[in-house]
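The values are calculated or read from the model by the stated rules, or taken from the named source; none is laboratory data. In this text the structure is predicted, and so the values were computed from the model without any measurement. Don't worry about glycine lacking a Cβ; one is built from the backbone with ideal geometry, like all the others, and counts go over all protein chains shown. These area figures cover heavy atoms from the full protein model, side chains too; ligands, DNA and RNA do not enter into them. Shrake-Rupley method; radii C 1.70, N 1.55, O 1.52, S 1.80 Å.
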Amino acid sequence: EINIVMDNCGGQNKNKMVLRLLFILVNRDLCKTARMVLLVKGHTKNDCDRIFNLMKHEYRAANVYTPKDLFEFIARSNPKFVELVDVVNDDKGFWDWNTYEDEFMNATKGIQQHHIFTVNSKEPDIMWCQEADGYPLVKHDYVVKKKYVGKKWAANLHEEILPLEPIGMKDIKWVTLYGSWRPLLPHEMRAAVKYYHTDPAL
């Protein structure tokens, strides 16, 4: 059984890509029960929040001009709890989970009031939702597409999921960095980041 606890943030956590991961974990026999628990509004700090604070310990009182500076501060902030992983420049990168999941599953709907989501191996094509522990269970059996119900559709995961192509930075953000933030950087630091150094010419 795996229980994943996170903030109840609609854009970052409470979305179809994240919630549908429960079906993949169970479908691939990685666990018998996969559950996501999203903390209610007004919750106190959790382990994730604590580690974010540890990561910020060094650079809060420092001049951080470039992503490289930021990575170096994070890497030495608290080696016992924080490990820096460069997912952009290693052989892992980011993967296009959304396109992969769309092939086998529909988008989740009617989930905003819920905080607990569970998929288990006895009913691997159903997601059970609850507003909180002890509240009535609500059945969602529409997520896995009908033609895949009862099948081990995630068996070829590593063959079918594709790397996600970097989309770069939006022009409006580039203009802001170049026009508003570039003058605040030391001259020798500007060349380290394209968006500080190269005129967007828009």
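Kindly list the number of the only condition in (1) in contact (Cβ under 8 Å) with a residue 60 or more places away in the chain; (2) in a helix (DSSP H, G or I) that fails for A154.
A154 satisfies all of (1) in contact (Cβ under 8 Å) with a residue 60 or more places away in the chain; (2) in a helix (DSSP H, G or I) except (2).
Which one of these does V85 not meet: (1) in contact (Cβ under 8 Å) with a residue 40 or more places away in the chain; (2) within 30 Å of L157 (Cβ to Cβ); (3) loosely packed, with under 15 Cβ neighbours inside 10 Å; (4) not polar (S, T, N, Q)?
Here V85 meets the rest and fails (1).
What is the residue count in region 122-146 for residues that are in a loop (DSSP other than H, G, I, E, B) and under 16 Å from M36 (Cβ atoms)? Lay out the reasoning, then the answer.
The initial filter retains those residues of region 122-146 that are in a loop (DSSP other than H, G, I, E, B), namely 122, 131-137, 141-143, 145.
Now drop any that are not under 16 Å from M36 (Cβ atoms), which leaves 131-133, 135, 137, 143.
Residues that pass the stated criteria total 6.
Among the residues of region 11-20, how many are under 18 Å from N106 (Cβ atoms), part of a loop (DSSP other than H, G, I, E, B) and open to solvent by 30 Å² or more (accessible area, probe 1.4 Å)?
Of region 11-20, the ones under 18 Å from N106 (Cβ atoms) are 14-20.
Add one more test, that the residue is part of a loop (DSSP other than H, G, I, E, B), and what stays is 14-15, 20.
Remaining after also requiring open to solvent by 30 Å² or more (accessible area, probe 1.4 Å): 15.
Looking only at that region, the number is 1.
Going residue by residue through region 126-136, is there one that turns out to be touching a strand residue (DSSP E or B) at 6+ places or on another chain (Cβ under 8 Å), open to solvent by 60 Å² or more (accessible area, probe 1.4 Å) and on the phi > 0 side of the Ramachandran plot?
No, region 126-136 contains no residue that is touching a strand residue (DSSP E or B) at 6+ places or on another chain (Cβ under 8 Å), open to solvent by 60 Å² or more (accessible area, probe 1.4 Å) and on the phi > 0 side of the Ramachandran plot.
Can you find even one residue in region 116-129 that is touching a residue at least 12 places away in the same chain (Cβ under 8 Å) and closer than 30 Å to A62 by Cα?
no
Inspect all residues belonging to region 92-106 and state whether any of them is charged (D, E, K, R) and modelled with pLDDT under 80. Break it down stepwise before answering.
Pass one, region 92-106, residues charged (D, E, K, R): 92, 96, 101-103.
Restricting the remaining residues to those that are modelled with pLDDT under 80 gives 92.
There is at least one residue in region 92-106 that is charged (D, E, K, R) and modelled with pLDDT under 80.
Could you tell me which of the residues Q130, Q113 is touching a Pro at 6+ places or on another chain (Cβ under 9 Å) and over 22 Å from D69 (Cβ atoms)?
Numbers: Q113 fails: touching a Pro at 6+ places or on another chain (Cβ under 9 Å).
Exactly one residue qualifies, and that residue is Q130.
For the structure I just gave you, tell me whether M189 is of a type in the set (A, V, I, L, M, F, W, C) and either in a loop (DSSP other than H, G, I, E, B) or under 30 Å from Q112 (Cα atoms) (or both).
On the way: of a type in the set (A, V, I, L, M, F, W, C): yes; either in a loop (DSSP other than H, G, I, E, B) or under 30 Å from Q112 (Cα atoms) (or both): no.
The answer is no for M189.
Could you give every pair whose Cβ atoms fall below 8 Å, whose first residue belongs to region 157-181 and is in contact (Cβ under 8 Å) with a residue 12 or more places away in the chain, and whose second residue is surrounded by 10 or more Cβ atoms within 10 Å (Cβ to Cβ) and of a type in the set (S, T, N, Q), counting only separations of at least 6 or pairs across chains?
L162/T99; Y178/T198
Of everything in region 145-161 that's surrounded by 11 or more Cβ atoms within 10 Å (Cβ to Cβ) and under 21 Å from the mean Cα position of the chain (by Cα), which residue is farthest from V18 (Cα to Cα)? Can you show your working first?
Taking region 145-161 first, the residues surrounded by 11 or more Cβ atoms within 10 Å (Cβ to Cβ) are 145, 148-149, 151-155, 157, 160-161.
Remaining after also requiring under 21 Å from the mean Cα position of the chain (by Cα): 154, 157, 160-161.
On the way: A154: 16, L157: 16, E160: 18, I161: 15 Å.
Ranking the qualifying residues of region 145-161, first place goes to E160.
Quick grid of which residues meet (1) closer than 21 Å to D133 by Cα; (2) not in a helix (DSSP H, G or I):
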{"site": "L22", "(1), (2)": "yes, no"}
{"site": "L25", "(1), (2)": "no, no"}
{"site": "D29", "(1), (2)": "no, yes"}
{"site": "A34", "(1), (2)": "yes, yes"}
{"site": "V37", "(1), (2)": "yes, yes"}
{"site": "D49", "(1), (2)": "no, no"}
{"site": "M55", "(1), (2)": "no, no"}
{"site": "K68", "(1), (2)": "no, no"}
{"site": "F73", "(1), (2)": "no, no"}
